[in-house]
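The values are calculated or read from the model by the stated rules, or taken from the named source; none is laboratory data. Note that the structure is predicted; figures quoted are calculated from it, not measured. Cβ: placed from backbone, ideal geometry, glycine included. Neighbour counts: every protein chain shown. Just the protein is used for accessible areas: all its heavy atoms, side chains included, with ligands, DNA and RNA removed. Shrake-Rupley method; radii C 1.70, N 1.55, O 1.52, S 1.80 Å.
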Amino acid sequence: IDDLEGLDKQPFIDPEDMAKLKQIQRLKFTLPVRNVQVKTEGTLVNSVRRTIYDFFCQKIDNDELIATLRWFIFHEYDTSIPTWNLSSCPICENSSVPLHRKDMSNKYTFSCNHCGGELFLTDVFRLHEAIDEELGAGGILGYLINTLEQIIFVHLIRVILRMKPDLLNEMLFIKDGPLAFFGQTANIYKPMRSLVNYLFKNHNLYLAGLEKSGSFVEHADEITEKLDDGTVLILSNDYIYKYILPGYPDPTRPYGATTYYSNKLIFKTNSGGMYVVSLPTSENFLNPKKADFRNLDVILTNIEKLKCDMYDSALIPVALANKLVSLADHPSSGILQKFAKGAISS
Ligand SMILES: [Zn+2]
């Protein structure tokens, strides 16, 4: 943290890094959103599927991202699971297609048990369900970026586990936005929670999601005068549905039960900054307690210390996280040296 304390005095992101940072956006531009098709693919759905699959087949840190996806989806870090149930086939649209790990080809593909069509491992994101041949694929961009950001964290975690698991004690992963998966990708919260629980049990994990917009941030702004500096307000289901979101669908069903692998809190720093933070939890709690958040104090201390005025209501770590993402196509040792440099202190 000492290294970082001087950082707000210098331009942290140099133009070269900004250029790299934008590379992660390139997917946006190359994704055939509309009226464009990948030559060999007949439909927009298949063009988009192929583009996402090809993206995952790139090597990042000398390893394909799609190998990480297999590791992640089939829990290969622990006792692996044999099958992932795909909710629908992108080709014949039949529902419930089992993807058996043992039947996966060396290209990370499967055959549909209904139509025999070629399924990609990346079809687990179900983005094909949200693409309309006429309206286009614009609706999946947000889900895709949110998912990619988190899968790249998973990739880095896998690289670290393989190289030097102790580094997990020294790295803080900060995601821009909540720790959750939305829309068609929502189900991915399940393998993410499994991985989080595995890491908490066997290693460690410092991971936080920071929200910069939305209902929770608006609420945090409204109550800023009511909270003392240095206060943590852990958000229970009752609180969320009483003060932040309209309605109360089902009192026994926690907020984000089908999307989040985290619970939320509002944090007012000692200097009066307000943050909406989500931290991974072992289950989705209706009424989370402080003890349900692993590494809470250390993470909040770092969020406070890393505060950066360079960006409006943003932080260095979001830049860090973005930087991490943007640099992910460089050799891992380089990344690890850069980012292991002690974001964590207790
Ligand atoms: Zn099929």
Residue in segment 174-183 that is within 16 Å of the ligand (Cβ to nearest atom), modelled with pLDDT of 95 or more and not acidic (Asp, Glu) present: no
Of all residues making up segment 154-171, the number that are open to solvent by less than 50 Å² (accessible area, probe 1.4 Å) and in contact (Cβ under 8 Å) with a residue 60 or more places away in the chain: 9
Thr79 without any contact (Cβ under 8 Å) to a residue 60 or more places away in the chain and farther than 19 Å from Cys112 by Cβ: yes
Residue in segment 275-318 that is modelled with the lowest pLDDT, counting only those that are within 20 Å of Phe181 (Cβ to Cβ) and of a type in the set (Val, Ile, Thr): Val318
Single match in Ile140, Ile131 (criterion: open to solvent by less than 10 Å² (accessible area, probe 1.4 Å) and aliphatic (A, V, I, L, M)): Ile140
Number of positions in segment 55-79 that are under 22 Å from Ala186 (Cα atoms) and open to solvent by 50 Å² or more (accessible area, probe 1.4 Å): 1
Filtered residue count, segment 172-193, keeping only those that are outside any helix (DSSP H, G or I) and open to solvent by 30 Å² or more (accessible area, probe 1.4 Å): 2
Neighbours by Cβ (under 7 Å, 6+ apart or cross-chain): first from segment 87-98, without any contact (Cβ under 8 Å) to a residue 24 or more places away in the chain and closer than 20 Å to Thr43 by Cα; second part of a strand (DSSP E or B) and near the ligand (Cβ under 6 Å from one of its atoms): none
Residues that are on the phi < 0 side of the Ramachandran plot, within 15 Å of the ligand (Cβ to nearest atom) and without any contact (Cβ under 8 Å) to a residue 40 or more places away in the chain, drawn from segment 101-123: Asp103, Thr109, Phe110, Ser111, Cys112, Asn113, His114, Cys115, Gly117, Glu118, Leu119
Qualifying residue in segment 67-84 (condition: within 16 Å of the ligand (Cβ to nearest atom) and closer than 25 Å to Asn146 by Cβ): yes
Qualifying positions in segment 198-232 - in contact with a Gly (Cβ under 8 Å, 6 or more places away or on another chain) and closer than 22 Å to Gly256 by Cα: Gly209, Leu210, Glu211, Lys212
Of the criteria (1) farther than 24 Å from Leu161 by Cβ; (2) away from the ligand (no atom under 16 Å from the Cβ), which one Pro98 fails: (2)
